[in-house]
1. Could you pull out every residue, at least 5 positions away or on a different chain, whose amide H is within less than 5 Å of the one on Gly164? Hs are placed 1.01 Å off N in the peptide plane, and Pro or chain starts have none.
2. Among Lys18/Lys136; Lys46/Lys160; Lys18/Lys47, which pairs are too far apart, with a Cα-Cα distance over 29 Å?
3. Of Arg143, Arg73, Arg16, which is the most mobile in a GNM of the chain whose springs link Cα atoms less than 10 angstrom apart?
4. HN-Hα J couplings of the stretch 46-52 from phi, Karplus 6.51/-1.76/1.60, θ = phi - 60°, integer Hz, Gly and Pro as x?
5. Once phi is turned into ³J(HN,Hα) by the Karplus curve 6.51 cos²θ - 1.76 cosθ + 1.60 with θ = phi - 60°, what whole-Hz value does each residue of the stretch 123-139 show in order, with x for glycine and proline?
6. Mind checking which lysines have their Cα closer than 16 Å to the Cα of Lys75? Skip sequence neighbours fewer than 8 apart in that chain.
7. Quick one: longest stretch of the chain between exposed loop chymotrypsin sites (Phe, Trp or Tyr not before Pro), exposed meaning at most 13 other C-beta atoms within 10 Å and loop per DSSP?
8. Full extension from Glu173 to Gln140: what is 0.36 nm times the residue separation minus their Cα-Cα distance, to one decimal in nm?
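The values are calculated or read from the model by the stated rules, or taken from the named source; none is laboratory data. Since the structure is predicted, the reported quantities are computational estimates derived from the model, not experimental observations. For neighbour counting, all protein chains shown are included, and Cβ atoms are generated from backbone atoms with ideal geometry for every residue, glycine included. Heads up: the accessible areas ignore ligands, DNA and RNA and are worked out on the full protein's heavy atoms, side chains in. Shrake-Rupley method; radii C 1.70, N 1.55, O 1.52, S 1.80 Å.
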Amino acid sequence: CRRIEQHLGIDATTPRPKPPTAGAEQFWRYNDDFLVCRFPDPLKGKKIRPLLWNGSAWVWKHHAKPRPLYWARRKAAAPVLIAEGEKAADAAAILFPDHAVCTWPGGTSNVQHADWHPLLGRTVTVWPDADEVGRKAADQLARILLGLRCTVQVVNPSEKLPQGWDLADGLAEGMTPGQAAGTVAKFA
């Protein structure tokens, strides 16, 4: 293997440079080669940018399809909760300590581009944001997961919630793990 690396001009002993995340409010590591960064945007509130290691440099580009999942918590035999977005997935990991928790990169218009095969045959709850695009993405995701022989339930956030409300908002508002579990239990 070392001979191949030398032939290709790769020095495996030189560590890869740190990803250029300066200025990001937050970033989420999907794997060693792919991150998603959140930057403040004065007009839109946030700007989400994918960051990929292409083998020789970090580039602002999406991972090839199918894209990996972001795991806020991985548990092999646990039920899975899928939140819409990395920030909501991190909140879900706190609110659902007995679940594996994940999300996909690229937002609601990219559900079909993620690699959902790691969830084959699992019990899955999908928790979308409280808006129409979130509900549509959750329905699309449920169809994909049913095709993977998953047992699927979809939480339908209340129409009374503010547009775009998600589990990160719930956690910030003081939602407890018990309250979150009670919401999911309604849909079981």
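1. Ala130, Asp131
2. Lys18/Lys136
3. Arg16
4. 7, 9, 9, 10, x, 10, 10
5. Result, rounded to whole Hz: 8, 10, 10, 9, 10, x, 5, 7, 7, 5, 5, x, 5, 5, 5, 5, 5.
6. Straight-distance partners of Lys75: none at all.
7. Within the chain, the longest run free of exposed chymotrypsin sites (Phe, Trp or Tyr not before Pro) spans 61-186.
8. Net length gain for the segment: 9.0 nm.
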